[in-house]
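What follows is a single structure, written as structure tokens, with notes after it.
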Protein chains: 2
Amino acid sequence: MERIVSAALDIIDRDGLDALSMRTLAAELDTGTATLYRYVNSKEEVLVEALDAVLGEIQLPETYSQASDWRSQVAAGATALRDGLRSHPNITPLLAGSVPIGPNALKGREANLDLLINAGFAPPTAVRLHLAIVHYVIGFVLAESPESAVYGTQYKRTLKRYYQRLPADTYPSITALADQLTTRDNDQEFAFGLDLILDGIERHAGVKPARGRKTR
Amino acid sequence: MERIVSAALDIIDRDGLDALSMRTLAAELDTGTATLYRYVNSKEEVLVEALDAVLGEIQLPETYSQASDWRSQVAAGATALRDGLRSHPNITPLLAGSVPIGPNALKGREANLDLLINAGFAPPTAVRLHLAIVHYVIGFVLAESPESAVYGTQYKRTLKRYYQRLPADTYPSITALADQLTTRDNDQEFAFGLDLILDGIERHAGVKPARGRKTR
DNA sequence: ACCTGAACACCGTTCAAGT
DNA sequence: ACCTGAACACCGTTCAAGT
């Protein structure tokens, strides 16, 4: 049950996504593989529930229900999502190619939509703003997470050197900017991109909505 | 060699990422699995090269070297990246958890950086703008791609109905906006989010740079 | 009735044996 | 010298056999 999901997350955190198999999971729980199938339909289901468990650990900012401007609330929500995913970096590749719809994913989505609607955006606009922000955050988190099984770790370690050693005539900008492209301050860069979107929202909407209008 | 990569991409496009194994790949090429290892070091290498081949198919907008405003050039580049990835949707999960650094990935990155620098942005700023845009595009493409192996197809098919049937008291916004959250016009929505970022860039920089300043 | 060892049909990769 | 069938050590999942 949730003991299974919790053990699966332990293995993923400790040894990586590839280290999780029904056999290693059974061993972690001191049982046999076949026994797992009495509580769980498939490995896929375990992965989906593990991802939703991670989303459930995210601390939704308390300011959501308080009187503060929507911009800092949206920023806090996006930051909380990134931080939550970063605390289990090995599971983030599961975000690829699908939209989480577990209960905790829905809770976060609902809170974010409520916030935007409460800020005064028309509901269809709120949906688009919500999705644009989520796409940015997920794209960012995937890029900063440790490599999936597809790439070896050594690539990222020596990425800067790799960029620097490229032919400068073919790649003048990349070689010149190897430093900025690799040894970046992720927190600052995340905030930079998020601010671009938030600036765009302000400009797009021309909205400076009422502070903390109550939802209902 | 590149016949192997091409065959791998055929299998991925036709039958999905999971359908590619060294055995199916060998069968596609009418040979044995062991033979593949004379040309390739690992399956991982095949996947990396297949992804880079997809990136190589992307038509970089010709306007890059012409005299047009930077905003439409950036938009064209982002759209080209999305379109290229959408033409091989089954391979997009490989974008998770790593940064492509194959020759074609580098070519696109270089072109995008050159464009931004040429538009008048300071190089370190250009890097951040480039990365913010790329993260948004990748986040978007992953969300609109068919599910990876982790999720079943039936989820997305009935996602709208799933949203609608959620308890409306717990999820008022999601249930009310089930339509907008699912039956969206992806092209329009992609442009919407991209425009947010571009608006943010204009506002952030206060830059309306010279048109088509030559790179060198 | 509940549990699970062992099996099935797969993997990626290697290597001894064939030509 | 080059190629590859067969094997190795794994997978996810199932089911007959055990308790």
Quick one: if the Förster radius is 25 Å, what FRET efficiency do B:Asn186 and B:Ser72 give, using the C-beta to C-beta distance and rounding to 0.05?
0.80
Could you pull the Rg and Dmax for the stretch B:1-108, using just the Cα atoms, both in Å?
15.9, 53
Can you put B:Ser98, A:Ser68 in order, fewest other beta carbons within 10 Å first?
A:Ser68, B:Ser98
Where the label is 7 Å out from Cα toward Cβ, how close does B:Lys160 come to the same position in every other copy, in nm, shortest first?
5.0
Using a 7 Å offset from Cα along the direction of the beta-carbon, what are the separations from B:Gly102 to the same position in each other copy, nm, ascending?
3.2
As a footprinting exposure proxy, order A:Arg161, A:Arg82 by other Cβ within 10 Å, with the fewest listed first.
A:Arg161, A:Arg82
Furthest towards positive pole of dipole, A:Ala53, A:Leu9, A:Asn41, structure part the stretch A:1-56, Cβ charges
A:Asn41
For an R0 of 60 angstrom, estimate the FRET efficiency from the Cβ-Cβ distance between A:Glu2 and A:Arg165 and round to the nearest 0.05.
0.80
Counting other chain Cβ atoms within 10 Å of each Cβ in B:167-175 and taking the mean gives 5
Rounded, prolate or oblate for the stretch A:1-56? Axes are the square roots of the Cα gyration tensor eigenvalues, ordered a ≥ b ≥ c, and the cut-off for rounded is a/c under 1.5.
oblate
Measure up A:Lys43/B:Lys107; A:Lys107/A:Lys160; A:Lys43/B:Lys160; B:Lys107/B:Lys160; B:Lys43/B:Lys160; A:Lys43/A:Lys160 against 28 Å on the Cα-Cα distance and list the ones that go over.
A:Lys43/B:Lys107; A:Lys107/A:Lys160; B:Lys107/B:Lys160; B:Lys43/B:Lys160; A:Lys43/A:Lys160
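If we count other beta carbons within 10 Å of each Cβ, what is the order of B:Thr125, B:Thr35, fewest first?
Values: B:Thr125 18, B:Thr35 13.
Listing B:Thr125, B:Thr35 from fewest to most nearby Cβ atoms yields B:Thr35, B:Thr125.
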Applying the Karplus parametrisation 6.51 cos²θ - 1.76 cosθ + 1.60 with θ = phi - 60° to the phi angles of the stretch B:166-172, what ³J(HN,Hα) value in whole Hz is obtained for each residue in order, glycine and proline being reported as x?
5, x, 5, 6, 7, 10, x
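Values in this text are rule-based calculations from the coordinates and carry no lab data. Predicted, not measured: the structure shown is a model, and the values here were computed from it. So basically every Cβ, Gly included, is an ideal-geometry build from the backbone, and we count neighbours across all protein chains shown.
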